[in-house]
Amino acid sequence: MVGRTVQSLDVYGPRTLRRHPPGPADFIARIVGCRVEAACRRGKYLWLPLSPARVTGERGWGPATSGEAPAVIAHLGMSGQFLAVEPGAPDEPHLRARFSFTDGAPELRFVDQRTFGGLALEWLDHPQAPPPSVAHIALDPVDPAFDRTSVHAALRRRRTGLKRALLDQTLVSGIGNIYADEALWQARLHYARATESLRRPEVERLLDAVDNVLRAAMAAGGTSFDQLYVAVNGESGWFERSLEVYGREGEPCSRCGAAIRREPFMNRSSYRCPRCQRTPREPRW
DNA sequence: CACTCAACCTGCCGGC
DNA sequence: TGCCGGCAGGTTGAGT
């Protein structure tokens, strides 16, 4: 999409547009005619810095100072996806937004069944910096600037369980329920391990595991249990076949053969090997 | 400030 | 067949 100019934009459904009091018509007017300058991501947030800034739209809502570039912000929520689709292809059942471009390139479609995801428009303080609503999201372990020492320090300051910390996107981003369980299994750590008791070698082991899992998952095109989770070209990822514990209740651990266990955790599920990932003496659930 | 948990939605699956 | 409870990959904001 980078370098293309938005020709038209359609927004469907009352929950698609977030944090935009002037409403969808204003949102659309501010974006149509802009060129996409870049495509950025942090955790599950994605954003497209736009140029040039346009004066269209309702007065009384806009950048704090002139010269700030607008950006479309998206969060995929639980079931959101971006698809690149040829213009004229049938609408998807849960189509929420359609960006079409002046050069007739494939449309960018935002599709979301459960509507936990959404779009917003924000202004960037600096072209390279994440937009305000993304500023609190930490770097992910795959980011070249990711700093293990500060993560270790942050973990030691916390008084919580390890998986809770892994799922806290202000600490480390990019890790959801699946990849948390996979990384904990690989690092042989229990999800209720107290973060303040973690020693540096264990943190290294854990972050190595997270890094391995994320890179392997990306190389496989992600984890697809169904058509809700496909790449931008509509293809399914194959990482589901590589999962060691997630969704594998009762199956043997590939390391030791013990039956994988599923346990309720934070209104979801955690999967672990009861032998490789022993319950700590002083767990923090 | 650190932490926990309900709420936000739709759809699918298994059990009755 | 249909209804119901449980579950699903995430974030937020209110409450403790």
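The values are calculated or read from the model by the stated rules, or taken from the named source; none is laboratory data. Bear in mind that the values here come from a model prediction, so they are computed numbers and not experimental data. Quick reminder, even Gly has a Cβ in these numbers, built from the backbone with ideal geometry, and neighbours come from all protein chains shown.
Remarks
- Exactly one residue out of A:Ala209, A:Ala153, A:Ala183, A:Ala192 is farther than 29 Å from A:Arg248 by Cβ and not polar (S, T, N, Q), and it is A:Ala153.
- So A:Leu162, is it farther than 26 Å from A:Leu46 by Cβ, more than 11 Å from DNA strand C (Cβ to nearest atom) and either buried (at least 18 other Cβ atoms within 10 Å of the Cβ) or modelled with pLDDT of 95 or more (or both): yes
- Residues in the stretch A:223-239 that are of a type in the set (D, E, K, R) and within 15 Å of DNA strand B (Cβ to nearest atom): A:Asp226 alone.
- In the stretch A:74-93, the residue that is nearest to DNA strand B (Cβ to nearest atom) out of those that are crowded, with 18+ Cβ neighbours inside 10 Å and over 27 Å from A:Gln169 (Cα atoms) is A:Glu92.
- Enumeration of residues in the stretch A:265-285 that are within 16 Å of DNA strand B (Cβ to nearest atom), in a strand (DSSP E or B) and touching a strand residue (DSSP E or B) at 6+ places or on another chain (Cβ under 8 Å): A:Ser269, A:Ser270
- Residues being charged (D, E, K, R) and either assigned to a strand (DSSP E or B) or under 16 Å from A:Ala192 (Cα atoms) (or both) - total across the stretch A:242-264: 3
- Within the stretch A:142-179, the set of residues being in a loop (DSSP other than H, G, I, E, B) and within 21 Å of A:Ala74 (Cα to Cα) comprises A:Val142, A:Asp143, A:Asp168, A:Gln169, A:Thr170, A:Leu171, A:Val172, A:Ser173, A:Gly174, A:Ile175, A:Gly176.
- Scanning the stretch A:181-192 for residues that are touching a residue at least 60 places away in the same chain (Cβ under 8 Å) and within 16 Å of DNA strand C (Cβ to nearest atom) returns A:Asp181, A:Glu182, A:Leu184, A:Trp185, A:Tyr191.
- Checking A:Gly176 against (1) more than 30 Å from A:Arg109 (Cβ to Cβ); (2) at pLDDT 95 or above, the condition it does not meet: (1)
- Among the residues of the stretch A:218-262, just one is of a type in the set (Phe, Trp, Tyr), surrounded by 15 or more Cβ atoms within 10 Å (Cβ to Cβ) and under 15 Å from A:Gly80 (Cα atoms), namely A:Tyr229.
- With respect to the conditions (1) within 15 Å of DNA strand C (Cβ to nearest atom); (2) closer than 30 Å to A:Arg109 by Cα, A:Leu171 lacks only one, and its number is (2).
- Counting the residues of the stretch A:75-91 that are within 16 Å of DNA strand C (Cβ to nearest atom) and in a loop (DSSP other than H, G, I, E, B) gives 4.
- A:Thr195 fulfils the conditions (1) within 10 Å of DNA strand C (Cβ to nearest atom); (2) in contact with a Leu (Cβ under 8 Å, 6 or more places away or on another chain); (3) among the hydroxyl-bearing types (Ser, Thr, Tyr) except for a single criterion, (1).
- For A:Leu207, the conditions (1) over 17 Å from the mean Cα position of the chain (by Cα); (2) not in a helix (DSSP H, G or I) all hold with the exception of (2).
- Verdict on A:Gly174 being within 13 Å of DNA strand B (Cβ to nearest atom), among the small types (Gly, Ala, Ser) and either within 20 Å of the chain's Cα centre (by Cα) or closer than 25 Å to A:Gly62 by Cα (or both): no
- Some residue of the stretch A:14-33 being free of Cβ contacts under 8 Å to residues at least 40 places away in the same chain, touching a His at 6+ places or on another chain (Cβ under 8 Å) and either surrounded by fewer than 17 Cβ atoms within 10 Å (Cβ to Cβ) or outside any loop (DSSP other than H, G, I, E, B) (or both): yes
- Note on the stretch A:176-216: among residues that are of a type in the set (Lys, Arg) and either touching a helix residue (DSSP H, G or I) at 6+ places or on another chain (Cβ under 8 Å) or buried (at least 20 other Cβ atoms within 10 Å of the Cβ) (or both), the one that is farthest from A:Tyr246 (Cα to Cα) is A:Arg200.
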